[in-house]
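Student: The structure under discussion is supplied below as structure tokens; questions concerning it will follow.
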Amino acid sequence: MPAATAPEATLYRMKMSDHLCPHGLKTLDLLRREGFSVADHPLTSRAEIDAFKARHDVDTTPQVFIKGQRIGGYEDLLRHLGKPVPDPEAVSYRPVIALFAMAGAMALAVSWASQGRLATIAAAEWFIALSMCLLALQKLKDIDGFATMFLNYDLLAQRWVRYGHVYPFAEGLAGVLMAAGALMWISVPVALFIGTIGAVSVVKAVYIDRRALKCACVGGDSKVPLGFVSLTENLMMIGMAVWMLLKPAGIGIGQ
């Protein structure tokens, strides 16, 4: 859009020596991406910020004005432009999709580096093992938050509360050992045990008791609904454990 015909907006945002408001930068970027010619007014001192808030009777910055009308802050601008406003409490599968996509990419990369091919049985094994490691990492970021959420549905944790703190370490240990193909006598029983308990717990909570819960699979701050994601995590562990038991019989060797 030519600069002469671009709509104009005025932005007031915090830009002090010890704090640069991230929402101010996001607002400035959004306005420019939407084709606005922006008159940017950084507020560089606490006195200047307080005076601006008092003058316009607002509690926060940034503040956007378009055609002399105060629009508000970043989320208000999104609404004004007809764009969706993120809901921090909304259900989202994005963390799970990102995690499994990264695990898949890493598994393919390792397969290519070690075997010169992408489509290998080893790649599938690494995908599951790396997924377990990444899921364990998400839980370990806030182990208390995970353990608290886990108590809502896990049958063993409800009987032995400390199991919620053991689970992420057990999942991570099994994942690392399976990725290395080492100490199967440890990783297989661990994966079978925690996977079976987890699968039974999810089936009871979601499909029998019909409870609407959040899944602790990607950590204690998860907005992922409890259901097929957590069930898939547990079934993957069970499947991987069974597969590792079958491999000594020659299944998959050299694939």
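The values are calculated or read from the model by the stated rules, or taken from the named source; none is laboratory data. The shown structure was predicted, so the numbers you read here are calculated from the model rather than taken from an experiment. Positions of Cβ are backbone-derived with ideal geometry, glycine not excepted, and every protein chain shown enters the neighbour counts. Surface accessibility is based on the protein's heavy atoms, side chains included, excluding ligands, DNA and RNA. Shrake-Rupley method; radii C 1.70, N 1.55, O 1.52, S 1.80 Å.
Student: Give region 171-199 a look and list any residue that's open to solvent by less than 30 Å² (accessible area, probe 1.4 Å), within 18 Å of V229 (Cα to Cα) and not acidic (D, E), or say none.
Tutor: Listed by number, the residues that qualify are G172, G175, A191, I194, G195, G198, A199.
Student: Quick one: which residue in Y167, Y153 is open to solvent by less than 50 Å² (accessible area, probe 1.4 Å), touching a residue at least 12 places away in the same chain (Cβ under 8 Å) and not in a helix (DSSP H, G or I)?
Tutor: Details: Y167 fails: not in a helix (DSSP H, G or I).
After ruling out the rest, the residue left standing is Y153.
Student: Here's a follow-up. Regarding A241, is this residue of a type in the set (G, A, S), open to solvent by less than 10 Å² (accessible area, probe 1.4 Å), part of a helix (DSSP H, G or I) and closer than 18 Å to M132 by Cα?
Tutor: For A241, the condition - of a type in the set (G, A, S), open to solvent by less than 10 Å² (accessible area, probe 1.4 Å), part of a helix (DSSP H, G or I) and closer than 18 Å to M132 by Cα - is met.
Student: Right, here's the next one. When you check V161 against the structure, is it farther than 30 Å from I121 by Cβ, of a type in the set (A, V, I, L, M), modelled with pLDDT of 90 or more and not in a helix (DSSP H, G or I), yes or no?
Tutor: Yes; evaluated as a whole, the condition is true for this residue.
Student: Is it true that Q138 is surrounded by 14 or more Cβ atoms within 10 Å (Cβ to Cβ), modelled with pLDDT under 95, under 17 Å from the mean Cα position of the chain (by Cα) and not in a loop (DSSP other than H, G, I, E, B)?
Tutor: Yes, satisfied.
Student: Same structure, new question: For V202, are the conditions met, namely being open to solvent by less than 10 Å² (accessible area, probe 1.4 Å) and assigned to a helix (DSSP H, G or I)?
Tutor: Judged against the criteria, V202 is a match.
Student: Quick check, is K247 in a helix (DSSP H, G or I), open to solvent by less than 70 Å² (accessible area, probe 1.4 Å), within 30 Å of Q115 (Cβ to Cβ) and basic (K, R)?
Tutor: The answer is yes for K247.
Student: Given the condition of a type outside the set (V, I, T), closer than 27 Å to V218 by Cβ and free of Cβ contacts under 8 Å to residues at least 12 places away in the same chain, answer yes or no: does some residue in region 133-140 qualify?
Tutor: No; the residues of region 133-140 include none that is of a type outside the set (V, I, T), closer than 27 Å to V218 by Cβ and free of Cβ contacts under 8 Å to residues at least 12 places away in the same chain.
Student: Is it fair to say K26 is without any contact (Cβ under 8 Å) to a residue 60 or more places away in the chain, under 30 Å from A212 (Cβ atoms) and of a type in the set (K, R)?
Tutor: When the stated conditions are applied, K26 does not pass them.
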